[in-house]
Amino acid sequence: QDLSIFSPGVPLRAVAMAPLQIEVAEPEQAAPIKSPVARVAQAAAQRLSKAGGFKQEEEEDDDSFPEYDVSQDGVDIEYIIPVGCVINAFRKAKRDDDVMGACWYIIFVLLFIFIISSVRPVSDVFDIQHALHENLAADEMPGYNFPMNFYQIANYGDFWAWTKGILYPACFNYVYYNGVPRHTVYTKRNEFAVVGVNRIMTAIRFRQVRAKAAGCPAQQNGTRELAAGPCWREWPFAVESPDQIFVPSPYRSSSYSSFIPSGLPLLSGDPFDGHSYGTSGHVVDLPLDGALALQRIDGMMIERWTDEFTRAVSVDLNFYNPNLDISTAMRFIMDISVSGRIFARVELRSCRLFPYSTDMDMVRAVCEAIFAVFLVVYAFQELRQFINNPRKYITSFWNMLEVVNLVLFGVAISYWVAFMGMDRDVHKTRDMENFRDLFTAADIYERATVIGAINVFCCFCKLFKYLEIYPQFQLLWDVLGHAMNAILPFAIVMVLLVCAFAFSGFWLFGDTVAHFRHLLACCTTLIISLTDGLEYQPIKEAMPAAAPVWLVGWGVISSLVAVNMFIAILTQSYAHIQTRTNNLNKAQQDFEMPSWKMWFESKIGFLRRGQSSAKTLVKSQQLSSMKSQASGIRSCLKKVDEKALWKLVLENVADGSFDIEASDLAPHMSGATPAERLHNARQWMTKFAAKSGTRLQRTVREFSTVEEIRTLTMHVNRLERELIELTRQLRPVAPSLRPPSPI
């Protein structure tokens, strides 16, 4: 027995768990060792003479042995890697790429934020649009005994009251509030200004879409008097009427309405209750002359310009604010259904017609060029990854997120190119007689920035990709990912329930309550009610008997069951991920990670200035060792599926296992047969252990004093049995060898 292991400073647990080292003086004519125990003992002696070690594992008192692979040189190796070593290796290998990649991507995101913020100053746009909206759309009409504005228009009389009572006075106000004419103060340039200096740029356009009359569906051989025509169909099924019935007259005010068959900007109605009305229509342009404009308004009223044939009406105004160099298009829209209801809404679009006209614009142009270079590089990197391994690429969430992001960037750039290619010079001067379409250009301009809002969200999400190996920063995504297996079936059930209650609510309350007037509005109302609740009084007035039963049923299912079940799913996933994160931290705490200070010193040389030559030499050696080790680990990780290995680490840690065995890794290795994959896994583990500076052994766990004594007793008993068996096997081989003392 070699008792040198009982040296000062060696922990008692290590002594108990250390395999016994035995030297065997084998004679020249030694008989072959045929016993399996003897072969294992001989291989163990040779192994332990070269590299000592121990296996620390709590197990029952039996004669079982760990499975070893006996190599050709007779050295036994247990192919096991601690999970903490793998985590530590991932962080060492990926720190350079993750930090540098994150830094470059942050620069990319900051450039994008600067470009969008410069192109569209949101706060200034809000001030302009809010001022115009409050004075033209939300201002109360005169002559009513109750609050009445554009949104409350219920008939054509209200519309013309708004036109003459709000629109005309605001746009054709030639004097200030003290009676001083505007042109005498700041010349005629400040005439036709709304709310300060928001100057009207062109004539004001009234436009309507008219449908031809058709037969009534309920008319049967003319026997039903009330069903007699004419009737009109809803717009998607109606035929547009180009008839020019508004004939100017020299004896009265006339509208001078004309039909334009094509070339007008696309007119889209309410998303829920309106339709797309195409690029044609009847138009009336109000020139920037108060008297002529009023005559045409009176002419439209006399001619009954809006009647039963009208399906949609729009009023377009173009403004320019010289203080902020921002142009704004304002459109008032009314959708008129065949039922007689009017849906009124307002759209505003703002833009800078000449976004490369100032010194700051030139700075932004340089940033745009740098951003374009970044974008091309990222697109090329994604394309190269896809070509190398298409199947692996499309199965990665982060790759799909990047593809969506790049596609949206391309769409936003295409909108910007389309805007810059439009003829915008026509808006440089005011046109007193003719209308010029600004809404289309401003809409394209705004679409680019709206897509940018989605892009910036994707960009910030992608930053988490560089923190993938740091579970503390991935808690949100990991919880959602783990819960997704339960959330998806739950979501399907909820969709079915929402559809069921949407149909029932539509049939019960749709004819009375606006929020239930069609199925899409029903679904929206039910989803919003999950957080904001549902107003009971309107549905009670619609159906006094059915409303309580329906509301209780939806309340129980949505609030008491669905919401709490969703919270329970997330809570369970959070507990699982939190346990896994704690196990990850526990697994890697025994493996040293180079400090961030040392890493920065390896990248920035001047941080080491001011140190003595001896310290500088030692520091240089440490930094060189750190770099070489990280490079070696990276070379090892390239030969294995990194995502599969990281997934294996997470699964093992989640199950409470702190070790990875060759059999666990073999399915993720290349090879034609299981034996070949197992062989490749063992070779990779051997190289990985050498490069990462660790040993192939199980994770060393902390034990209490009672556990240490129990482990010590167990291993001493095992050693005694092994010695007895070994002595019995060695007697035929070396008869002259006798133990120093009887056992």
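The values are calculated or read from the model by the stated rules, or taken from the named source; none is laboratory data. Fair warning: this is a prediction, and the values are worked out from it, not measured in the lab. Note: ideal-geometry Cβ built from the backbone for every residue, glycine included; neighbour counts use all protein chains shown. Heads up: the accessible areas ignore ligands, DNA and RNA and are worked out on the full protein's heavy atoms, side chains in. Shrake-Rupley method; radii C 1.70, N 1.55, O 1.52, S 1.80 Å.
Observations on the model:
- With respect to (1) open to solvent by less than 60 Å² (accessible area, probe 1.4 Å); (2) under 27 Å from the mean Cα position of the chain (by Cα), the lone exception for Phe419 is condition (2).
- Counted residues, region 630-650 - those being surrounded by 16 or more Cβ atoms within 10 Å (Cβ to Cβ) and polar (S, T, N, Q): 0
- Number of the exception - Val411 against (1) assigned to a helix (DSSP H, G or I); (2) at pLDDT 90 or above; (3) open to solvent by less than 60 Å² (accessible area, probe 1.4 Å); (4) farther than 23 Å from Pro121 by Cα: (4)
- Count of residues meeting criterion [out of contact with any helix residue (DSSP H, G or I) (no Cβ under 9 Å at 6 or more places or on another chain), assigned to a strand (DSSP E or B) and either closer than 16 Å to Cys171 by Cα or among the small types (Gly, Ala, Ser) (or both)] in region 275-299: 1
- Here Asp437 clears all of (1) open to solvent by 40 Å² or more (accessible area, probe 1.4 Å); (2) farther than 27 Å from Glu191 by Cα except the condition numbered (2).
- Within region 300-329, the set of residues being crowded, with 22+ Cβ neighbours inside 10 Å, basic (Lys, Arg) and not in a strand (DSSP E or B) is empty.
- Criterion (under 38 Å from the mean Cα position of the chain (by Cα) and within 18 Å of Tyr168 (Cα to Cα)) met by exactly one of Val346, Val366: Val346
- Region 340-364 residues that are touching a residue at least 40 places away in the same chain (Cβ under 8 Å) and more than 26 Å from Ala131 (Cα to Cα), paired with ones that are surrounded by 12 or more Cβ atoms within 10 Å (Cβ to Cβ) and among the hydroxyl-bearing types (Ser, Thr, Tyr) (beta carbon under 8 Å, 6 or more apart): Met360/Ser118; Asp361/Ser118; Arg364/Ser118
- Criterion (surrounded by 18 or more Cβ atoms within 10 Å (Cβ to Cβ) and of a type in the set (D, E, K, R)) met by exactly one of Asp158, Asp96, Asp127: Asp158
- Region 668-687 - residue that is in contact with a Lys or Arg (Cβ under 9 Å, 6 or more places away or on another chain) and hydrophobic (A, V, I, L, M, F, W, C) and, of those, farthest from Lys392 (Cα to Cα): Trp684
- Residue match in region 423-443 (condition: more than 25 Å from Leu264 (Cβ to Cβ), modelled with pLDDT under 90 and not in a helix (DSSP H, G or I)): no
- Within region 516-571, the set of residues being over 30 Å from the mean Cα position of the chain (by Cα), in a helix (DSSP H, G or I) and not hydrophobic (A, V, I, L, M, F, W, C) comprises Tyr536, Gln537, Pro538, Lys540, Glu541, Pro548, Gly553, Gly555.
- Cβ pairs under 6 Å, 6+ apart, first in region 260-283 and at pLDDT 90 or above, second among the acidic types (Asp, Glu) and open to solvent by 20 Å² or more (accessible area, probe 1.4 Å): Pro265/Asp437
- Some residue of region 679-686 being modelled with pLDDT of 85 or more, more than 26 Å from Lys94 (Cα to Cα) and either touching a Gly at 6+ places or on another chain (Cβ under 9 Å) or buried (at least 16 other Cβ atoms within 10 Å of the Cβ) (or both): yes
- Residue check, Gly157 within 26 Å of Asp307 (Cβ to Cβ) and in contact with a Pro (Cβ under 9 Å, 6 or more places away or on another chain): no
- Among residues of region 636-657 that are more than 18 Å from Gln588 (Cβ to Cβ), those with a Cβ under 9 angstrom from a residue that is of a type in the set (Phe, Trp, Tyr) and surrounded by 15 or more Cβ atoms within 10 Å (Cβ to Cβ), sequence gap 6+ or separate chain, pair up as Lys639/Trp684; Val640/Trp684; Val640/Phe688.
- Residue that is open to solvent by 60 Å² or more (accessible area, probe 1.4 Å) and modelled with pLDDT under 75, where the choices are Lys619, Lys615: Lys615
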